[in-house]
Amino acid sequence: MLKQMEGSHAVAEAIALCRPEVICAYPITPQTHIVERLSELVQEGEIGNCQYINVESEFAALSVAIGASAAGARAYTATSSQGLLFMTEAVYNAAGLGLPIVMTIGNRAIGAPINIWNDHSDSMAMRDAGWIQLYAETNQDAIDLHIQAFRLAEQLSVPVMVCEDGFILTHAYERVDMPDRNQVQAYLPPFEPVQILDPEDPVTIGAMVGPEAFAEVRYLSHHKHLQAVEVIPELAAEFAKIFGRDSGGLIQPYRSEDAETVVVALGSVVGTIRDVVDELREDGVSIGAVKVISFRPFPMLALRGALANAKRVIVVEKAFADGLGGIAVGSVRMALRGLTTPIYTIIAGLGGRPITKAALLDAFGAAVRDEIDDPLFLDLNWNVIDTELARAKEKRRSGPIAENVLRDLGLVGGKPV
Amino acid sequence: MAQKIKFYQTGTLTVGNRLLDAENRSVQSTVDRSNSLTSGHRACQGCGEALGARYVVDTAMREADKKLLAVNATGCLEVFSTPYPESSWQVAWMHSLFGNAPAVATGVAAALRAKGRSEVRVLAQGGDGGTVDIGFGCLSGMFERNDDVLYVCYDNEAYMNTGVQRSGSTPATARTATTPTKGGSKGNVFGQGKNAPQIAMAHDIPYVATASVADLHDLENKVTKAMGMHGARYIHVNVPCPLGWGSQPCETVRLARLASETGLFPLFEAEDGIVTSVTKIRRRMPVEDYLRPQRRFAHLFKPKPDVEALAAIQAIADRNIRKYGLLD
Amino acid sequence: MIGRPAHSRSGADIFQVRIHGRGGQGVVTAAEILSVAAFLEGDHAQAFPSFGSERMGAPVIAFCRLDDKEIRLREPVMSPDALIVQDPTLLHQVDLFSGLDTRGYLLINTTRRYRDLGLGDYVTKFPPHHICTVAASEWAVEFIGKPLPNAAMLGAFAAITRRVKLDSVQEAIRQKFPGELGDKNAAAAGKAYNTIRTN
């Protein structure tokens, strides 16, 4: 059913269709609207006997989900930014225990400086925690990926994060095609756990494992991700059959098959990149894009195939490693190992900085001429940086950087004064 | 026709089952006890926690008609019971992290509620570090939501699993690896540490109790009572640790008894935030008798008695005795 | 999928709206309602806020894009086709008119004249039927009992841009505010629409 609605509410309704049995909620912007809407749906009896637990922290939110999942319930939670970091220990634990929890990440920057706006620093920090990570480009993607996420998680007994850009998607009203209950029911069977706390058949979950077996247990987790590389496209194909739309999968190419330059990106920025690709194509530039949907597991072979004929690759990402550059680009390089294709990184959209078509047109243009800085920090205000560097050089006690920069810009609270 | 027997008439405060009516005998003395924490685990000799946990879990199992799920915080109990590839647990048991056992238990209880399995009960366990320190946020959250979980804290008054470091439950003057007594310092300082049972009571949860491995009948009775209720319940059990306390393994039960008989570890029950019963001190003992056998307090006696510190500890005991009315 | 996709960007059909106001004036809600109105007419629409902290009285911006094709662009609206100013006290505080082409539309919630607002010269650059002042707060007080100007501004938007129908705006308002409140807001929108159409 076509609906015009807020992204968070669309995700909440999709989650409800997936019939979770335990939902744990803790507020953090920009994810909050999802759990707010879910609380209403539970109250209204839309999710059967689902238990909605208001917890005291994100660490507790995921811990409650861990307990619920181990006891055989389909468990869901959502978080963002600091919340994801606060639950880090439980994030690794859920994966280590092989519990098929689904968690939405409303992607948001990490402080300090505190910032509530979008980038991918949060989920990228958890990229190696053993969770599958799927990134949504649109709110339609977000709906569809959540439905596939439960299926994938439970089939492989591995937790899945569905990452959607905070505000840009979570707070955007746009058209979505909301699946109906019967379709989801047909696609997502009841949760059949591979391990369960059961008084009739008591097992020990979470035993201590020493050097004699730890590597094997960890390898088996790796193996699940290798399996996921096979299973994700299968689940997408099955999804298409039931829901009548292509959604999910490992990657999605856009006009990239014959392109000399291919842009790789994750999340909502892919939409803007599609527009930029079209404009450049109209100017005769041979350019395309590849959306990476599954970042973990990383689609090594699929991406290598999609990039094999490219003369150059540009990775646009919303997070970076200090002193090194991009994060996703490392995985892209791994996929292209042995090839000499130049790979450029554009770091953009940090802390909610708009990624404009104009800036991408310039940057891609420079890349096509192989004249781009690598990594390129898109739309960086060098005056501010130079001023602060000069100040720090001049004076030992130069003060807090964030405050200095805001003063230089004449900004207080994000508005000119 | 059996006469009414008091435990001290049996010559022991711990068992004495043979002289009791069948219905008054301990769960542990029955042949059909569940042996949930079965033998072969790797606890130290004289471990108070292993003793306490055995009584707690078997009693909970009986009260739940064996429909029990257990959640455990990281700590000695977890480590000594589940070294790969062995497990001592004959109960469905899970361990997640150090600081989240109460929240994991909440999740287990929520799953059971979602599935309509109200007959299955949930027990969570942790040491004092996992309970009063790192897990305290989750514990308070579980209390405040009144989730249907019995949480049992085995308090040995320091982080024993990591090599005896101070916790928020370590008593004043105790020497630990992080409150040393070298160079004239006096161990853990006065005026710190938290009273977890009192804080639990402040949540107005249905049931809070303190218990001791010196009175295992009482411990069993309290677990039985707690299992007869629903909502968040908390039992805080005093479990001496020979390794961390520097005591003889054979002294574990005696030290636990002295902790209560001096007034340092009062035994009481509270319902809905109000104290409903206390275990009276039968033979009041000076705190010195409790402190002297423990190497963690050795600096209070050598090279010469630290009169001031001993008086301050006695004052704590005296205050407890007044506060809880521990003497007739 | 080589060559031009079905939803090429070559057409200039996309219509971009930027709404300025203050926290508490329903700025974000206005953008959402406008997107629903367009959706009801079968269009694609994308509404989103400027993502600031939500505080009463603080300047707020919201955006809405309308198109007959899927909207993929995620940047803020920098070159609006229509600018809605819900609070005239913002006129000289923020860079309100940034990117507004003089072929575009300008709607200001005020009972004052452009000259009195210091916009006398600026508005002469626009086609006369592309600009209007709307007594939205006054009508809101009259119809709703509170100076919440967003519904009336959307009625005015429908009147001067003809990009959405009044009916759709009113239906979107009623969906957002079921019951009496929706009817009152819809009436305020209707009042603005009819006032502008008859002038």
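The values are calculated or read from the model by the stated rules, or taken from the named source; none is laboratory data. Since the structure is predicted, the reported quantities are computational estimates derived from the model, not experimental observations. Note that each Cβ is placed from the backbone with ideal geometry, even for glycine, and that neighbours are counted across all protein chains shown.
Here is how the numbers come out for the structure above:
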{"quantity": "Residue within segment C:102-114 that is part of a loop (DSSP other than H, G, I, E, B), touching a helix residue (DSSP H, G or I) at 6+ places or on another chain (Cβ under 6 Å) and more than 21 Å from C:Ile173 (Cα to Cα) present", "calculated": "yes"}
{"quantity": "Any hit, segment A:117-125, residues being away from every other protein chain (no Cβ under 14 Å), assigned to a loop (DSSP other than H, G, I, E, B) and of a type in the set (A, V, I, L, M)", "calculated": "no"}
{"quantity": "Qualifying residue in segment A:138-151 (condition: among the charged types (D, E, K, R), over 16 Å from the mean Cα position of the chain (by Cα), more than 14 Å from chain B (Cβ to nearest Cβ) and outside any loop (DSSP other than H, G, I, E, B))", "calculated": "yes"}
{"quantity": "Options B:Arg42, B:Arg62: the member that is charged (D, E, K, R), surrounded by fewer than 24 Cβ atoms within 10 Å (Cβ to Cβ) and under 19 Å from B:Met160 (Cβ atoms)", "calculated": "B:Arg42"}
{"quantity": "Answer from A:Leu307, A:Leu336, A:Leu250, A:Leu266 - the residue that is surrounded by 16 or more Cβ atoms within 10 Å (Cβ to Cβ), within 30 Å of A:Pro179 (Cβ to Cβ) and more than 14 Å from chain C (Cβ to nearest Cβ)", "calculated": "A:Leu250"}
{"quantity": "Check on A:Ala367, without any contact (Cβ under 8 Å) to a residue 24 or more places away in the chain and under 28 Å from the mean Cα position of the chain (by Cα)", "calculated": "no"}
{"quantity": "Residue match in segment A:378-401 (condition: surrounded by 16 or more Cβ atoms within 10 Å (Cβ to Cβ) and outside any helix (DSSP H, G or I))", "calculated": "yes"}
{"quantity": "Output for segment C:23-40, where each listed residue is more than 10 Å from chain A (Cβ to nearest Cβ) and either in contact with a Cys (Cβ under 9 Å, 6 or more places away or on another chain) or closer than 9 Å to A:Tyr173 by Cβ (or both)", "calculated": "C:Ala30"}
{"quantity": "Flag if C:Ile84 is under 12 Å from the mean Cα position of the chain (by Cα), in a strand (DSSP E or B) and within 12 Å of chain A (Cβ to nearest Cβ)", "calculated": "no"}
{"quantity": "Conditions (1) more than 17 Å from A:Val203 (Cβ to Cβ); (2) surrounded by 24 or more Cβ atoms within 10 Å (Cβ to Cβ): number failed by B:Leu68", "calculated": "(1)"}
{"quantity": "Meets criteria (on the phi < 0 side of the Ramachandran plot, more than 9 Å from every other protein chain (Cβ to nearest Cβ) and modelled with pLDDT under 95) for C:Glu54", "calculated": "yes"}
{"quantity": "Complete set of residues in segment B:99-132 that are in a loop (DSSP other than H, G, I, E, B) and more than 8 Å from chain A (Cβ to nearest Cβ)", "calculated": "B:Arg117, B:Ser118, B:Glu119"}
{"quantity": "Candidate set: segment B:248-267, residues that are in contact (Cβ under 8 Å) with a residue 60 or more places away in the chain and not in a helix (DSSP H, G or I); chosen: the one farthest from B:Ala211 (Cα to Cα)", "calculated": "B:Gln248"}
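Okay, residues lined up against (1) at the interface with chain B (Cβ under 10 Å from one of its Cβ atoms); (2) more than 19 Å from B:Asp147 (Cβ to Cβ); (3) buried (at least 24 other Cβ atoms within 10 Å of the Cβ):
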site: A:Ser39; (1), (2), (3): no, no, no
site: A:Gly45; (1), (2), (3): no, yes, no
site: A:Ile66; (1), (2), (3): yes, no, yes
site: A:Gly72; (1), (2), (3): yes, no, no
site: A:Ala90; (1), (2), (3): yes, no, yes
site: A:Asn93; (1), (2), (3): yes, yes, no
